[in-house]
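Some notes on the structure that comes next.
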Amino acid sequence: MRRIAVFLALVFAVGTVNAEPGDPVNGRIVVEHWCSNCHALTGTETEPDRAPTFSEIMKERDRDARFLTGFLREDHFPMTTYRLFEHEKGDVVAFLVSLKDE
């Protein structure tokens, strides 16, 4: 019985951690470190082969936390595959969603 209680407590704790909103400040740091080689944070593309800016990406109607969370769970070629921790993914989502408010 004790093992079941401990298991349920762990499941609840993990679920709670994943449900919390990410940190947009840390999300910006993650994006600047891993994503800025191809994506500019804001502004206009300076090169035709450069990926869209995050501001441009977030202008799309369906770009919300749910979409972005799903997007970050899968590989998207030709994008470089980075293995972010779950909390980093949440932080990136929080940062990108914050761009919609600007």
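Note on the stretch 82-102: among residues that are within 12 Å of W34 (Cβ to Cβ) and free of Cβ contacts under 8 Å to residues at least 24 places away in the same chain, the one that is surrounded by the fewest Cβ atoms within 10 Å (Cβ to Cβ) is R83. Checking A9, A40, A94, A51 one by one, the residue that is part of a helix (DSSP H, G or I) and modelled with pLDDT under 90 is A9 and no other.
The values are calculated or read from the model by the stated rules, or taken from the named source; none is laboratory data. Predicted model only: the values in this text are computed from it and were never measured. Note that we place each Cβ from the backbone using ideal geometry, even for glycine, and neighbour counts take in every protein chain shown.
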